[in-house]
Amino acid sequence: MRDVIVIGAGPAGLAGAIASASFGLKVTVIDEFIKPGGRLIGQLHQEPSGEWWNGIKESERLHQEAKTLSVDIRCGVSVYNLEKDDDLWNVHTSIGTLTAPYVLVATGAAEYPIPLPGWTLPGVMSIGAAQVMTNVHRVEVGKKGIIIGANILAFAILNELQLAGIHVDRIVLPEKNPLSGKAGEPEEVMKSLLNAAHLAPSPLLRMGSRFMKNGSFRKIGMKFYPKNGVKVNGTPLLLRKAAIEIIGTEQVEGVRVADTDENGNIIPGSEKIYEADFVCIAGGLYPLAELVAVSGCPFQYIPELGGHVPHHSEMMETPLEGLFVAGNITGIESGKIAMAQGTTAGYAIAKHAGKDGAAIDKQLQEAVQNVRSVREQAAIQFNPEIDSGRRKMSELWESLYSKNTRENSQIKIG
Amino acid sequence: MTRIINHPILGKLEDRKAVPFTFDGKTYEAFENETIAAALLANGIRKLRVHEDSGTPRGFYCNIGHCMECRVTVNDHANVRACLTVVEKNMVIESGKQHPNIVKRMVEQQ
Ligand SMILES: Cc1cc2nc3c(=O)[nH]c(=O)nc-3n(C[C@H](O)[C@H](O)[C@H](O)COP(=O)(O)OP(=O)(O)OC[C@H]3O[C@@H](n4cnc5c(N)ncnc54)[C@H](O)[C@@H]3O)c2cc1C
Ligand code: FES
């Protein structure tokens, strides 16, 4: 008899499996990718301490620990439905239906697309696709690339592409329109980059950061933003140029780019074509939560967390009995935080399953505390307002589920 | 395109076994445990299919199973995601083809 099914073998899912299994629960982890680790395996960046965060090594460590605890990990298996039947959850997968009283959904994040003419051409890919091709599969995505969209993930991956010897020719913004939203507004982009100024690779961004945090200075800054961009690790970041169209017949041949004013409006007659054989679109991340939605769990839109997220407590419970969530499905943050949340969920499941009193309570409390401290020390934070987003969710949980039914806050369904 | 053999942080790619497969009737080589999308790209192939209706070319987009842009036919099994499927020895892979749009043709004929 299986106690727990974990959906997603990323840092959250693996850490959750390890924590549950350490209390003697029988755990199966399912993931549709070819190997465990989730988006962690593509990650490679230098911490402020100078140490390298090597996602492949971290994933191998988690995988090994899970195996030692006899966690059953199945890769190459997709989950397409999740529903409850009396006391058991049915997890419908590409290899049949699995059941367990507890399910942890840790399906992570997906990338927001920014559609523009020509974006369906072969050679156009999301920025994350380039990360996986480079660091996981070790295949060159191309000889000369252009990144459309400037955000923290784009810079992290720009750096990874450069490390692997791939030439990224320039970074431009998408054309300002309802589809690109803030990603097409130079001032908004500058604002979000300044929030990550400690990571900003360019000395100019770093120097200007305090000055540019003031709204009116920022406007002036954008007005005088150098036409040829500011170099980020040697690659020009062009906040006053927008991609209008990706061109090519059978595959990418280049990008049609126009100059913009400080508000992102196209300056007529300024169009130019830059050659490229690959294009990466960086639209940012959102929680990949469809499975939890089909299970009937209520959701809340919290932009600071990246979009619609399932209702959940700090112990990673959802309002549905036996259903837990952890990692980026609860809000967009870095891998270390996903891992800490997974550990919390794993202990919370052990507690719900009736594992020994005092020890589990203490470990669960420590795990909740650990999520907060890892968050405070995070080297990469995708949204500067993350704390406020997390607070909104915990207040929502308190008001909806905690007050009268503290002992048994989960709703029975099915 | 080529493989990234040497990497300053991730180290050197170890030697892996070559695995033959066919794509649209031509034989190529993948490495063991490589996805169809990665193996084809390493062989210089970006185009995985054409759009069923318009016939315009498509390649992988997200590379992690979310977008379905990379669907190909594998050993007669249609709509398989090339970015999540590992190449196996002598696998027969076909690109996605254009389908006749009967309704559109009927409208055009009127
Ligand atoms: C493309 C991309 C690149 C990123 N790069 C970075 C980075 O460089 N640095 C950083 O700090 N953060 C990065 N992130 C953020 C990343 O989400 C977190 O760092 C962390 O990996 C989240 O962990 P997780 O366990 O919540 O989810 P993930 O690591 O995303 O793991 C989720 C797992 O669930 C599996 N899954 C999803 N749906 C199903 C299903 N229906 N059936 C079966 N399996 C399923 C997936 O295959 C995946 O392996 C990136 C995110 C994405 C999407
Ligand atoms: S490229 Fe998106 S599903 Fe394969």
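The values are calculated or read from the model by the stated rules, or taken from the named source; none is laboratory data. Worth saying up front: this structure is predicted, and the values here are computed from it rather than measured. Note that we place each Cβ from the backbone using ideal geometry, even for glycine, and neighbour counts take in every protein chain shown.
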So A:VAL172 passes all but one of these: (1) over 21 Å from A:ILE244 (Cβ atoms); (2) surrounded by 24 or more Cβ atoms within 10 Å (Cβ to Cβ); (3) more than 14 Å from every other protein chain (Cβ to nearest Cβ). Which condition number does it fail?
(1)
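Conditions (1) hydroxyl-bearing (Ser, Thr, Tyr); (2) within 20 Å of A:LEU14 (Cα to Cα); (3) surrounded by fewer than 19 Cβ atoms within 10 Å (Cβ to Cβ), marked per residue:
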{"residue": "A:VAL79", "(1), (2), (3)": "no, yes, no"}
{"residue": "A:PRO115", "(1), (2), (3)": "no, no, yes"}
{"residue": "A:HIS137", "(1), (2), (3)": "no, no, no"}
{"residue": "A:ILE148", "(1), (2), (3)": "no, no, no"}
{"residue": "A:LEU153", "(1), (2), (3)": "no, no, no"}
So how many residues does the stretch A:36-52 have that are part of a loop (DSSP other than H, G, I, E, B) and within 16 Å of ligand 2 (Cβ to nearest atom)?
0
Would the stretch B:7-16 turn up any residue that is more than 16 Å from ligand 1 (Cβ to nearest atom), farther than 30 Å from A:GLU51 by Cβ and not small (Gly, Ala, Ser)?
no
Conditions (1) of a type in the set (A, V, I, L, M); (2) within 11 Å of another protein chain (Cβ to nearest Cβ); (3) closer than 19 Å to A:GLY42 by Cβ: number failed by B:ALA82:
(2)
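Inside the stretch A:81-124, can you point out the residues that are among the acidic types (Asp, Glu) and more than 20 Å from A:GLU32 (Cα to Cα)? Steps first, please.
Looking only at the stretch A:81-124, we keep the residues that are among the acidic types (Asp, Glu), and these are A:83, A:85-87, A:111.
Across the stretch A:81-124, the qualifying residues are A:ASP85, A:ASP86, A:ASP87.
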If we scan the stretch A:53-74, do we find a residue that is within 14 Å of another protein chain (Cβ to nearest Cβ) and assigned to a loop (DSSP other than H, G, I, E, B)?
no
Residues of the stretch A:8-26 satisfying the condition of being more than 18 Å from A:ALA340 (Cα to Cα) and either among the hydrophobic types (A, V, I, L, M, F, W, C) or assigned to a helix (DSSP H, G or I) (or both):
A:LEU25
All positions within the stretch B:35-72 that are within 9 Å of ligand 2 (Cβ to nearest atom), more than 7 Å from chain A (Cβ to nearest Cβ) and more than 9 Å from the chain's Cα centre (by Cα)
B:CYS67, B:MET68, B:GLU69
Which of the residues that make up the stretch A:267-324 are closer than 30 Å to A:VAL172 by Cβ, touching a Phe, Trp or Tyr at 6+ places or on another chain (Cβ under 7 Å) and of a type in the set (Val, Ile, Thr)?
A:ILE281
Among the residues listed as A:LYS392, A:LYS351, the single one being surrounded by fewer than 20 Cβ atoms within 10 Å (Cβ to Cβ), modelled with pLDDT of 95 or more and under 20 Å from the mean Cα position of the chain (by Cα)
A:LYS392
If A:VAL141 satisfies every condition in (1) more than 20 Å from the chain's Cα centre (by Cα); (2) aliphatic (A, V, I, L, M); (3) under 26 Å from A:LYS176 (Cβ atoms) but one, which is the exception?
(3)
Among the residues of the stretch A:73-88, are any touching a Gly at 6+ places or on another chain (Cβ under 8 Å) and near ligand 1 (Cβ under 10 Å from one of its atoms)?
yes
In the stretch A:157-169, which residue that is surrounded by 24 or more Cβ atoms within 10 Å (Cβ to Cβ) and touching a strand residue (DSSP E or B) at 6+ places or on another chain (Cβ under 6 Å) is nearest to the other protein chains (Cβ to nearest Cβ)?
A:LEU161
